[in-house]
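Report on the following structure.
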2 protein chains.
Amino acid sequence: MRTYSSVPFSRVSVTGPFWHERLETVLTRTIPSQLRMLEKWDIRESIRLPQPVPPLTQPRGPNGFTVQVFWDSDIGKWIEAAAYALSHRRDEEVEREIESMIDDLERAQAPDGYLNCWYLEREPENRWTNLRDNHELYNAGHLLEGAVAYFHATGRDRFLRIMERFVDHIAATFGSGPGQKRGYPGHQELELALIRAWHATGQRKYLDLATYFIDERGTRPGGVHYFDEEARARGEDPKDYWFADSGYEYSQAHLPVREQTKVVGHAVRAMYMYAAMADLAAEHDDAALKAACEALWRDVTERRMYVTGGFGPSERNEGFTRDYDLPNDTAYAETCASVAMIFWAARMLNLDLDGHYADMLELALYNNALAGLSLDGEHYFYDNKLESDGSHTRWAWHRCPCCTMNVSRLVASVGGYVYGLADTEVAVHLYGGSGTTLPVAGGQVTLRETSNYPWDGRIRVEVAPEGAGRFTLSLRIPGWCQGAAARVNGDAVPVVPERGYLRITRAWAPGDVVELDLPMPAERLHAHPDVRQDAGRVALRRGPLVYCVEERDQDVPLHRLRLDDGAPLLARHEPALLGGITVIEGTARAAEAKAWGSALYRTEPAPERPATLIGVPYYAWANRGPNPMQVWLRQ
Amino acid sequence: MRTYSSVPFSRVSVTGPFWHERLETVLTRTIPSQLRMLEKWDIRESIRLPQPVPPLTQPRGPNGFTVQVFWDSDIGKWIEAAAYALSHRRDEEVEREIESMIDDLERAQAPDGYLNCWYLEREPENRWTNLRDNHELYNAGHLLEGAVAYFHATGRDRFLRIMERFVDHIAATFGSGPGQKRGYPGHQELELALIRAWHATGQRKYLDLATYFIDERGTRPGGVHYFDEEARARGEDPKDYWFADSGYEYSQAHLPVREQTKVVGHAVRAMYMYAAMADLAAEHDDAALKAACEALWRDVTERRMYVTGGFGPSERNEGFTRDYDLPNDTAYAETCASVAMIFWAARMLNLDLDGHYADMLELALYNNALAGLSLDGEHYFYDNKLESDGSHTRWAWHRCPCCTMNVSRLVASVGGYVYGLADTEVAVHLYGGSGTTLPVAGGQVTLRETSNYPWDGRIRVEVAPEGAGRFTLSLRIPGWCQGAAARVNGDAVPVVPERGYLRITRAWAPGDVVELDLPMPAERLHAHPDVRQDAGRVALRRGPLVYCVEERDQDVPLHRLRLDDGAPLLARHEPALLGGITVIEGTARAAEAKAWGSALYRTEPAPERPATLIGVPYYAWANRGPNPMQVWLRQ
């Protein structure tokens, strides 16, 4: 069923200025500073199982929960991101640190393979008693992903073997066989990790366990939900659960996954699960699983997504609420959820080369996900609001630091989202300057894409097969683009995209060049009339970037500005601003307060004067101190 | 300094249809149903000091606080409201119930006069140790107001004598004399009650204690704040306080009251205190206190007030935030705060006959305060939002029922806000049908005002002095009114209002009639350009009423509607709707979703079709089940 496969980032060079800068920042600043933060916040120390057991660093909340239970995952994610950095360039000091972490994990591991530092240190008697809340399997997933990444980067398999012992223990504990617990992760993630391990090792047991977790989820064998059974075994009433009102929608365990059609609950859990479902649909040619993915995809992209590619409006459940409910100033839109959407979209694209998936991937990548990391590479957004009175500012760290390392592992591996490969086809999903050499149609083909994307839509792709080779080059024509033009070796070719891709099949020869011209005028976007929070407002977009306005770029307070209806929008490159960006300039009106008088309300509206509105890319906001911001502008 | 005095409601007959209906509902339905609720929620029982001490009905919150500490105030407020009902018509059953409550309070009272059922029952050793949080003096205030009201209604003074013993105990305990505690109420209210007791009894000690509380508040004798000293005496760190960040702004104890110029903190506490300050400014001819009231008045009415006459946008502190910060869908705008504003405005109006004060009184009365009570008289709003997605609905009761009896005591005494009296002047502040007989310029004058206000601005005032009498009749020309006309005995007189009042001085004779014509077209209101939440929006007003739109009156979802800019607004009376109201009808545009397609965002706006928008008075909303609502409409 899977027609394309992704080309790993380690085989892709990221050469274009936009992503090269972000990648370098992540490699040189973000990943090292994250290690310092893991140390400072006691996370690094926690896997040494310190004795005596120290008091909690993160106190328990009103429901008795502490985020400290998932510190193992932060270790796993940092190792994963750092291993990606090693794939770019080896670094003895980083390798020593990772080896030291592996030493600690190896020492911590129980003789039976069990490995969870929280439980081993603080409540060894309670292992596997609360999958619903305590992230045991989630932690295992992130550690396993770290182990796979470190193996790929260095060839060293000690961590992978440690994790194999743990996975063997998990597989012995959970399953539908006699004496096994029919449990599955309360927070999905391990499923994705297991599929990575399956691809890395070729060992079927990883795939089998992932398949079990997805198939078992939300079933009620004998009429009993596993999370209920587990709660009763702890002596608790299953109804004493924070999200009992929605019947396990919170963790997408309310229904068997193939019966799910509405995107509900915690957004990150949802997106990780959908990504794993897409993987398994491909592995098993599972049409029902693919159909569920497609239904969920339609639901989320057509009714439950921010214009910035953010997901999950509500802080309460860190997730989804109702169709078309997309508040701006209280948007949650967790960075992790957009990173996870990128994982899902990449997998859908491999199942089915449809530009819709690549459009979504690009939207989430360039906007909500990238906004999660500051330009200096050391400050973060956990939640990505679309409107702020200036009080929403970046964190140097977060008590729940999941997003910090999700964005570093994403950027460190961004090259992995650029190309798709089939037997006799290569697809280019993302532009911005990259190169790779791939086996296509029996020979090696080198591709080199150069452009100043996302600032400019003129793309040049050099195609260099070893010899002459006949294959299809599929170049994505983004959904946001109207009037794309293409030339092969200088000769215009008609642009008739098939599901979002211009497919050029020919006998390619060294020196062949395809040029693509993707017009990217600055545009207004309107939301569906049922998104009440955006009624009467427009968002600005240029190419893949959604824009916002920050008060410091305007000459009046933001709330007094409205964009002129229908007036032209100009794009202007500002090389010195925010690391070099293209701004959008529009004519606007500013309400005047000077002559208003002392009344708070009156029958005459305020007079307006002409003004200019300046928009900057959303990903770049909040890099200049506290500052009111809006994505959706009054017209 | 006080130039006018209010005419007590017991001397005013409320004859007009609008208030007559509200008053009858409160007398026949609200007050009896509130007694049932006091019984059902254990509040009635709590003053019997039940043994053994029952578990809490209202569990403590995360900060250790339970609203149960101020149940005495609910008893006091119900007695006050019920006593007002008795002033309208005596009722043996109600009087027996009140007598039984007084029996309980008398039994509960300690030999030294102390009377607080929470402390007497649950922690007698802790009396007077936490004025900051525990409402001991606030409770005393509401009980005292109940005692004064019951004395006025029945002439029976047993309750008043009980409360006098308690006040004597308070006055002995608190003060600046040797051995006294320099405390004052954490929640202001007692000050107002003491001034009422002073007026009822003529005993100066009540006035003196009120004066002490206001003068002492926010001072730091010896550099120490009383609430800090008290916290340390409890063995607590004063910084362990919910609102420590704002330095006692929460209870307006951050500065001596004469130095306060910004309206801050908990809105109800603020408004009760400002009302007491206005009273004391009049009692003592205290220019500094009056100037503080005026500065605070300007601050709140020019920068911190909802268009509906609601106060305090934030749930966090039940109070004020920043200038021009007036969110609609999260508005707190507590019913009690508007009731308290009415108290304050009435006092300012007596200090200074200025229509600004009466305009404010009327605005709060007809809109935010009245919205607190359902048309059936048995459902309530505690917080009064200006926009709702349909989830904000009325309560049959509230775990903190302060608002329920604030609105019943207000409506039961609404006649008391109609007239102002000076030696040779009578002022009519409110219209709507009323009558009274007053001593003016040495004789008795009967006034009878008839109108269908607030639906119609044609007012007829019959002036019937006992004989011929020369005095000034001041008729309010509302601030919202343009082009008022007046006739005396059919002859037009010029309308040149002096600070909001048309003053007619003449020798009045029986049979004299003044007719006033107050045009009340439906109008758009605009908010100050710095109220960001209302930018690009308008509110509808007609006469004293602010309107809203409820989704059930429209033929499309509310969020799809926008009012046509500048199109005429029509007023139409609907006798069968919501107890008989005038609706406002405007031409509008409705965004069409039918042909929108599957995209959530697109570059083309939705087409619009002509539509009609129907507005209903804000006070009448949420009487027909859950229903989206907006006050501020897109244009």
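The values are calculated or read from the model by the stated rules, or taken from the named source; none is laboratory data. Remember, predicted model here, so these are calculated numbers, not experimental data. Here Cβ is always computed from backbone atoms with ideal geometry, including for glycine, and neighbour counts include all displayed protein chains.
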- Answer from A:Arg470, A:Arg537, A:Arg552 - the residue that is of a type outside the set (A, V, I, L, M, F, W, C) and out of contact with any strand residue (DSSP E or B) (no Cβ under 9 Å at 6 or more places or on another chain): A:Arg552
- Selected residue (only one of B:Pro497, B:Pro519, B:Pro454 is within 14 Å of chain A (Cβ to nearest Cβ), of a type outside the set (Ser, Thr, Tyr) and in contact (Cβ under 8 Å) with a residue 12 or more places away in the chain): B:Pro519
- Item | Tally of residues being in contact with a helix residue (DSSP H, G or I) (Cβ under 6 Å, 6 or more places away or on another chain) and outside any helix (DSSP H, G or I) across the range B:220-241 | 1
- Item | Of all residues in the range A:585-629 being part of a strand (DSSP E or B) and in contact with a Cys (Cβ under 9 Å, 6 or more places away or on another chain), the one that is nearest to A:Leu386 (Cα to Cα) | A:Met629
- All but one of (1) in the same structural domain as A:Val339 (by TED's automatic domain parsing); (2) surrounded by fewer than 24 Cβ atoms within 10 Å (Cβ to Cβ); (3) hydroxyl-bearing (Ser, Thr, Tyr); (4) not in a loop (DSSP other than H, G, I, E, B) hold for A:Tyr357, so report the exception by its number. (2)
- Whichever residue in the range B:589-612 is under 44 Å from the mean Cα position of the chain (by Cα) and exposed (fewer than 14 other Cβ atoms within 10 Å of the Cβ) and, among such residues, is nearest to the other protein chains (Cβ to nearest Cβ): B:Arg609
- Task: Out of the residues in the range A:366-399 that are within 14 Å of chain B (Cβ to nearest Cβ) and not acidic (Asp, Glu), state the one that is nearest to A:Met341 (Cα to Cα).
- Result: A:Asn368
- Message: Quick check on the range A:47-70. Is at least one of its residues under 24 Å from the mean Cα position of the chain (by Cα), exposed (fewer than 15 other Cβ atoms within 10 Å of the Cβ) and not in a loop (DSSP other than H, G, I, E, B)?
- Response: no
- Message: Return the residues of the range B:171-191 that are aliphatic (A, V, I, L, M) and surrounded by fewer than 23 Cβ atoms within 10 Å (Cβ to Cβ); say none if nothing qualifies.
- Response: B:Ala171, B:Ala172
- Note on the structure: For the range B:227-245, the count of residues that are touching a residue at least 40 places away in the same chain (Cβ under 8 Å) and either farther than 18 Å from B:Tyr332 by Cβ or small (Gly, Ala, Ser) (or both) equals 6
- Message: Please go through the range A:372-403 and give me each residue that is touching a strand residue (DSSP E or B) at 6+ places or on another chain (Cβ under 9 Å), of a type outside the set (S, T, N, Q) and not in a loop (DSSP other than H, G, I, E, B), ordered by number.
- Response: A:Leu373, A:Tyr380, A:Glu387, A:Trp395, A:Cys403
- Message: Yes or no: the range A:422-433 includes at least one residue that is more than 14 Å from chain B (Cβ to nearest Cβ), surrounded by fewer than 18 Cβ atoms within 10 Å (Cβ to Cβ) and in contact (Cβ under 8 Å) with a residue 12 or more places away in the chain.
- Response: yes
- Going by the structure shown, is B:Ala486 in contact with a strand residue (DSSP E or B) (Cβ under 8 Å, 6 or more places away or on another chain) and not assigned by TED's automatic domain parsing to the domain that holds B:Gly146? yes
- Only one of (1) hydroxyl-bearing (Ser, Thr, Tyr); (2) more than 29 Å from A:Gln482 (Cβ to Cβ); (3) more than 14 Å from chain B (Cβ to nearest Cβ) does not apply to A:Ser338, and that is (2)
- All positions within the range A:328-345 that are surrounded by fewer than 24 Cβ atoms within 10 Å (Cβ to Cβ) and more than 26 Å from A:Thr393 (Cα to Cα): A:Phe343
- Would you say A:Ser413 is hydroxyl-bearing (Ser, Thr, Tyr) and either touching a Phe, Trp or Tyr at 6+ places or on another chain (Cβ under 7 Å) or surrounded by fewer than 24 Cβ atoms within 10 Å (Cβ to Cβ) (or both)? yes
- Message: Against the condition without any contact (Cβ under 8 Å) to a residue 12 or more places away in the chain, more than 10 Å from chain B (Cβ to nearest Cβ) and in contact with a Gly (Cβ under 8 Å, 6 or more places away or on another chain), how does A:Glu585 come out, does it pass?
- Response: no
- Message: Please verify whether A:Tyr250 is surrounded by 16 or more Cβ atoms within 10 Å (Cβ to Cβ), assigned to a helix (DSSP H, G or I), in contact (Cβ under 8 Å) with a residue 24 or more places away in the chain and touching a Phe, Trp or Tyr at 6+ places or on another chain (Cβ under 9 Å), treating the condition exactly as stated.
- Response: no
- Evaluate the range B:79-86: report whether one residue or more is acidic (Asp, Glu) and part of a helix (DSSP H, G or I). yes
- Note on the structure: All-but-one check, B:Thr261 against (1) outside any helix (DSSP H, G or I); (2) within 14 Å of chain A (Cβ to nearest Cβ); (3) among the hydroxyl-bearing types (Ser, Thr, Tyr), failing number (2)
- Query: Taking the range B:274-329 as the region of interest, how many residues are within 13 Å of chain A (Cβ to nearest Cβ), closer than 30 Å to A:Pro327 by Cα and aromatic (Phe, Trp, Tyr)?
  - Reply: 3
- Query: What tally of residues in the range A:556-576 results from selecting those that are touching a strand residue (DSSP E or B) at 6+ places or on another chain (Cβ under 7 Å) and more than 14 Å from chain B (Cβ to nearest Cβ)?
  - Reply: 6
- Message: Looking only at the range B:200-217, filter to residues that are in contact (Cβ under 8 Å) with a residue 24 or more places away in the chain and of a type in the set (Gly, Ala, Ser); which one of those is nearest to B:Val148 (Cα to Cα)?
- Response: B:Ala200
- Scanning the range B:309-327 for residues that are surrounded by fewer than 24 Cβ atoms within 10 Å (Cβ to Cβ) and either on the phi < 0 side of the Ramachandran plot or modelled with pLDDT under 95 (or both) gives B:Ser314, B:Glu315, B:Arg316, B:Asn317, B:Thr321, B:Arg322, B:Asp323, B:Asp325, B:Pro327
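Residue-wise test of (1) touching a strand residue (DSSP E or B) at 6+ places or on another chain (Cβ under 7 Å); (2) of a type in the set (A, V, I, L, M); (3) free of Cβ contacts under 8 Å to residues at least 60 places away in the same chain.
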site	(1), (2), (3)
A:Arg60	no, no, yes
A:Glu80	no, no, no
A:His88	no, no, no
A:Asp91	no, no, yes
A:Asp104	no, no, yes
A:Ala108	no, yes, no
A:Asp112	no, no, yes
A:Pro124	no, no, yes
- strands (runs of 3 or more DSSP E) contained entirely in the range A:535-578, each with at least 2 residues that are surrounded by fewer than 19 Cβ atoms within 10 Å (Cβ to Cβ) and on the phi < 0 side of the Ramachandran plot: A:569-574
